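Take a look at the structure below.
The values are calculated or read from the model by the stated rules, or taken from the named source; none is laboratory data. The structure presented is a predicted model; accordingly, all values stated were derived computationally and were not measured. Counting neighbours? That spans all protein chains shown, and the Cβs are built from the backbone with ideal geometry, glycine included.
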Amino acid sequence: MDFNYSDRCNALRARLLRFMDEYIYPNDHTYHEQIAANRKAGNPWVPVQIIEDLKPKARDAGLWNLFLPKSERVPEGLSNLDYAPLCEIMGRVPWSAEVFNCSAPDTGNMETLERYATEDIKRQWLDPLLRGEIRSVFAMTEPAVASSDATNIQSRIERQGDHYVINGRKWWSSGAGDPRAKVYIFMGKTNPDAGRHEQQSMIVVPADTPGITVLRALNVFGYDDAPHGHCEVLFENVRVPVSNVLLGEGRGFEIAQGRLGPGRIHHCMRSIGVAERALELMCRRLNERVAFGKPISAQGVWHERIADARIMIDQARLLVLKAAYMMDTVGNKVAKSEIAMIKVIAPVMTCQVVDWAIQAHGGAGVSQDTPLASLYAHSRTLRLADGPDEVHRVSIAKLELAKQLSLPGGTEAIQMPITRGA
């Protein structure tokens, strides 16, 4: 593959870097101040004003909906390979992706609706999401079953005449705390007696449908992630039209696998941006501080850590670019091993680099005076989200074993494991 960015990618990358320098980095403190002010006023679940102020500027700059490839609705959408360096830049400041309408779970939900929804559903929900007028929720994971196997899902989607009735309890439902969240994509079982991978379906559920109760926000290492939030949500006799099911009954697992591929690579792209920012902060701190008569950066142990961080970041980036290239050229299914590999390597690498940066900052590294504590919390969470490391490693190993068995002397196919979000 050609590792040079395309001309279009380079032009957008330069434009995005200017936007980050002009609007994002200078407003990082403003963002956190506004969050704190909303919290002090008693409602942290209020949209952050600086993000809303910057969205029109991002649209005017042509930096909007860049994540969605091959869509007639979004001709500006990029290939995975072109989007990768831009997503990395956005990842340097976690809240910035929303400014460009490129934040989770909306990106994954928009891709799902674009690929699998009817035109009526697209007009009702996808179009306002693409315009940034509303936000969305993905309801898949459940507290009562092991989250590493999507076929464990117990929530029910039962047909009653022209409607489906939904019952179940979900958690880690990303975005459910946001008052702008107007639509859920819900996964549950329509036929428990069908084949293991044909029991589940996905359905579009308006957020104001009676029977939906957001029970609580779930903290991540003490962060509630307001106003976005990850919540536990109860669905009790929630009725939606039969036409809201995506693709038809029994296609939920298929949709989940299609949705999670792009979502995983976006997480990995942003993780590399986090690691790059952490390395920059670490080097700056090491050069500024003096201990035992010389700059900390002169201590040999830090030379080793800086070198290892650079090697690890560049290794991860190259593998992410390879996965993006393969997704664009041969499709997500063929690229499943590469997608699984980056889902393991990128969060693990980022956690290590951020951990070293925290160590370099001493007590400041775990305080609110740097972004490092928050960056670590979210990076560590990604080792669970969209499938835990262990499941992805099993997938990689079985694909490798199957590859060897397909050579002369191979004897049998190997069954792949099933993964789901955390």
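Among the residues that make up the range 255-273, is at least one of them surrounded by fewer than 20 Cβ atoms within 10 Å (Cβ to Cβ), over 24 Å from S379 (Cβ atoms), not hydrophobic (A, V, I, L, M, F, W, C) and not assigned by TED's automatic domain parsing to the domain that holds F186?
The answer is yes; a qualifying residue exists.
Collect the residues in the range 122-149 that are surrounded by 23 or more Cβ atoms within 10 Å (Cβ to Cβ) and either touching a His at 6+ places or on another chain (Cβ under 9 Å) or more than 30 Å from N101 (Cα to Cα) (or both), keeping them in residue-number order.
R135
Is one or more of the residues making up the range 324-341 touching a Cys at 6+ places or on another chain (Cβ under 8 Å), in a helix (DSSP H, G or I) and assigned by TED's automatic domain parsing to the domain that holds R380?
Within the range 324-341, not a single residue is touching a Cys at 6+ places or on another chain (Cβ under 8 Å), in a helix (DSSP H, G or I) and assigned by TED's automatic domain parsing to the domain that holds R380.
List pairs: first in the range 100-120 and among the aromatic types (F, W, Y), second outside any loop (DSSP other than H, G, I, E, B) and surrounded by fewer than 22 Cβ atoms within 10 Å (Cβ to Cβ), Cβ under 6 Å, 6+ apart or cross-chain?
Filtered contacts from the range 100-120: Y116/I255.
Test E119 against the criterion of being acidic (D, E) and buried (at least 18 other Cβ atoms within 10 Å of the Cβ), and give yes or no.
Answer is no for this residue.
Test of understanding: among T190, T151, which residue is over 15 Å from L246 (Cβ atoms), touching a residue at least 60 places away in the same chain (Cβ under 8 Å) and outside the structural domain of D328 (by TED's automatic domain parsing)?
T151 is the lone residue from the list that is over 15 Å from L246 (Cβ atoms), touching a residue at least 60 places away in the same chain (Cβ under 8 Å) and outside the structural domain of D328 (by TED's automatic domain parsing).
When you scan the range 252-295, how many residues do you find that are touching a Ser or Thr at 6+ places or on another chain (Cβ under 8 Å) and in contact (Cβ under 8 Å) with a residue 60 or more places away in the chain?
16
How do the pairs read when you match residues in the range 359-380 that are in the same structural domain as C268 (by TED's automatic domain parsing) with residues anywhere that are polar (S, T, N, Q) and in a loop (DSSP other than H, G, I, E, B), using Cβ under 8 Å and keeping only pairs 6 or more apart or on different chains?
Close Cβ pairs satisfying both conditions: H361/T370; A364/T370; A373/S367.
Would you confirm, using the coordinates I've provided, whether A146 is more than 27 Å from A84 (Cβ to Cβ), in contact with a strand residue (DSSP E or B) (Cβ under 7 Å, 6 or more places away or on another chain), of a type in the set (A, V, I, L, M) and in a loop (DSSP other than H, G, I, E, B)?
no
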